[in-house]
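A short worksheet on the structure shown next.
What follows is calculated from the coordinates using simple rules that are stated; it is not laboratory data. Note that the structure is a prediction, hence the values are computed from the model and not measured. Glycine gets a Cβ as well: all are built from the backbone with ideal geometry, and neighbour counts include every protein chain shown.
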Amino acid sequence: MMNMRDLAGLSVCLACAAAWHSAAAETSLVLSPIVVTATRVAESSADLPTSIDVVDQATIRTGQLQVNLSESLMTVPGVSAQNRQNYAQDLQLSVRGFGARSSFGVRGVRLYSDGIPGTMPDGQGQFSQFDLGSADRIEVLRGPFSALYGNSSGGVIAIFTEDAKPGYSIAGTTEYGTFDTQRYALKTTGAEGMANYVVDASHFQTDGYRYHSEAERNNFNAKLRLDLNEASTLTLIGNAIQTPFVQDPLGLTRAQLAANPEQAGVGAIPYNTRKDLAQEQAGVVYDDKLTGNDDFTSTVYTGHRTTTQFQAIPQATQQNAPLYPGGVIDLSRNFWGIDAHLTDQRSIAGTPLQITGGLSYDDLEEARRGFLNYIGSQLGVEGAVRRNEANHVYDFDQYLQAQWDPQARWRLIAGVRNSAVEVSSHNHLPGILEPDSGVHYSAVDPVGGVTFRATSAIDVYASYGKGFETPTLNDLAYRSTDGSLPGLNLALKPAHSDNYEVGIKAGGEYLRATLAGFYIKTEDELAVLANSNGRTVDQNIGETTRHGAELGVDALLPGGFSARVAYTYIRAIVAQAYYTCVGTPCKQPATAGPLPANYLPVAAGSYLPAVPMNALYAGVTWKYAPWGFSSTLEAQSRARIYTDDRDSDAAAGYWVANVRAGFEQESAHWRFSEFASLDNLANRDYVGSVIVNESNSRFFEAAPGRTAYIMFNAALRTE
């Protein structure tokens, strides 16, 4: 745990700033102020009573593949983003332990792209549409104030597309690497008069590290900002993603992992486990400075997403269970929403007061179908329909927040959000699924915080907030792993959390450090009861607690060096005992009577799975301007993570080191760059992620050994 020695180390770092000042001042480089939009108004992060980090454009792009969000988020304390080496599944992403148990997509964390939610009204999120090639920055908000963004907000991750520089440009990128990995991208930007646009398109493909893990992905992202007048702007945003072919290698048992970590899991080959998806979405953001004190912002968006996934459900399992919903999942989703808020800034009795009030509505229509994954003796093909239902989810929220500086050294922020989420389901296969059903969730979540400016370089803060997380459609989808209990799992309740945080932010032009401590208590946490044969049954498990500390340090050093350190300690445990199911069949247990023999106890004090107790990132970058050369050496360490609620097995902790280096050349109109990267320098064997609570103990997803990539970019600019 973070202790007095760590605090002393932070004090030493602050003292070193004076020694570095004279050497660093010989150059014009200084640390840029961090400007964020966590309170829906752009302002310095140093004065906010919350943990928030910004991943800048250089970190996102320089020497990076720009394929996975994990490349950039490893530098942020409190965030665990693990590349599963499986493009049929999203990254394993969690913030302070929220979302670690998710069996599909991102849960427990709010996602935004240029103000458009990547999280649906049920709390399920996808970030496959995040375009790193045109990103300007990524903001990561943690702690109590995440609740101001609504349902499933254990944290907030928001990506913002860059603005074009004056003139016009066109740039092309080519990347090659291990496993026949290839990426090609073309981007054009322009800014003249009232128009500012960015258009980026990319193609990615790889054979994958593991057998049966080939993937192909196409991304498109466009932003057009129109300055209508001096007071108002209109921003049009459109993006699309298509993965026409992605294989799923599935998880491995410990014996399979030891024998050959590159092999595919049981059933992956005969059933040709795979996934394809397509998503298109568009949005409009209107900003208007109504008066010298009032600003109005509204966002409207709409989109469509289709997903088809072939699973390795044994044919015998489906034949013997007439209510089993099949081995092929087919989803079609239409979604839309609106958010509008008004911000008033004025002086009250000589002190600045800022008030923001708004409302949001998000709507999701889902057509969910299930098919057999065989026809006769032919496996891995779409067979007879076994599930056909229409689901509808909407949320309607209202929020109000205020920021007041009663004195020059104090800042007070408070807010509240009222959330209402409604889920309904209509079946189209009478006799197989239950009749129409639905459920309503609601919560009023207050937050508050205070910042004290102890000196011109040190801010101290404290904050508190309540959180709210509803079951997603995927959580509600199954009541049993064998289909014996059809219909939605409407017995699930939303989780509610109390979130406390204290911290200190310090530094200046050449050194910046943040230290935060947190404690989170969650009631009715959502967890996995059973995960078998491609079906996950969820349950509420009572109380859990998370407490820990986060440290982040940025420094500019003499001689063209800079450094970044991010450390996280978190102890996430179960406070009340409960039961989980292994093997099969598993179903939502009855309210009374003895449990079957395959329901095993989870003891109070057990660690939450997939949450490392310690995680460290450390990176040093050296730039030599006369040559246009830069290089980065970085190391990442993570403690072991448990694979299931019973802590019956674990993936061992590890550390890996990566290096990347390259050159940049620039003339009046041309810019070229050539970079190479080498990951896992020591060629270590380790498990990158786990499949939580997999009932057949196929938990493990191995990470590759040493890998190499080269990247070339050429850009032409005219003014």
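Amide H to amide H, with H built 1.01 Å from N, Glu525 comes under 5 Å of Ile541, Gly542, Thr544, counting only residues 5 or more places away or on other chains.
The tail of the calculated P(r) for the chain, taken as Cα-Cα distances beyond 32 Å, holds 52 percent of the pairs. On a 0 to 90° scale, report how tilted helix 4-24 is relative to the longest principal axis of the chain, with both axes built from alpha carbons and the result rounded to the nearest 10. Compared with the principal axis, the helix lies near 40 degrees.
Per-residue 3J(HN,Hα) values for the range 56-72, derived from phi via the Karplus relation 6.51 cos²θ - 1.76 cosθ + 1.60 with θ = phi - 60°, read 7, 4, 4, 5, 5, 10, 5, x, 9, 5, 6, 10, 10, 4, 4, 4, 8 Hz in sequence order (x marks Gly and Pro).
Note on the range 382-434: antiparallel DSSP beta bridges, both residues inside, total approximately 95 percent of the bridges counted. Packing, taken as the mean count of other beta carbons within 10 Å per residue, orders the peptides 143-149, 576-582 from highest to lowest as 143-149, 576-582. Rounded to the nearest whole Hz, the Karplus-based 3J(HN,Hα) values (6.51 cos²θ - 1.76 cosθ + 1.60, θ = phi - 60°) of the range 375-391 follow the sequence 9, x, 9, 8, 9, x, 10, 6, x, 5, 6, 10, 8, 7, 9, 10, 10, with x at glycine and proline.
Take each peptide in 380-393, 461-474, 594-607, count the other Cβ atoms within 10 Å of every residue, and average; sorted highest first, the result is 461-474, 380-393, 594-607. Applied to the range 172-179, the Karplus parametrisation 6.51 cos²θ - 1.76 cosθ + 1.60 on θ = phi - 60° returns per-residue 3J(HN,Hα) values of x, 10, 10, 9, 9, x, 4, 6 Hz, with x for Gly and Pro.
Projecting label points 7 angstrom from Cα along Cα→Cβ for Thr291 and Ser347 puts them 1.6 nm apart.
Straightening the chain between Asn683 and Ala390 buys 100.7 nm, computed as 0.36 nm per residue apart minus the Cα-Cα spacing.
The ranking of Phe371, Phe396 from fewest to most other beta carbons within 10 Å of each one's beta carbon is Phe396, Phe371.
Every helix of 4 or more DSSP H residues in the chain counts as -39500 (n - 2.57), and over all residues that averages to -1500 deg cm²/dmol at 222 nm. Close amide H partners of Leu250, meaning residues 5 or more places away or on another chain with modelled amide H under 5 Å apart, are Gly265. Hydrodynamic estimate: the Kirkwood radius of the range 182-243 over Cα pairs, inserted into Stokes-Einstein at 10 °C and 1.306 mPa s, corresponds to D of 115 µm²/s. For the cross-link pairs Lys505/Lys623; Lys223/Lys505; Lys165/Lys289; Lys223/Lys493, which exceed 30 Å when the distance is taken from alpha carbon to alpha carbon? Violating the 30 Å limit, Cα to Cα: Lys223/Lys505; Lys223/Lys493. Charged side chains reduced to their Cβ positions (Lys and Arg at +1, Asp and Glu at -1) give the range 4-718 a dipole of some 1300 debye around its Cα centre. Taking one quarter of the surface of the C-alpha convex hull of the range 99-177 gives a mean projected area of 7.4 nm².
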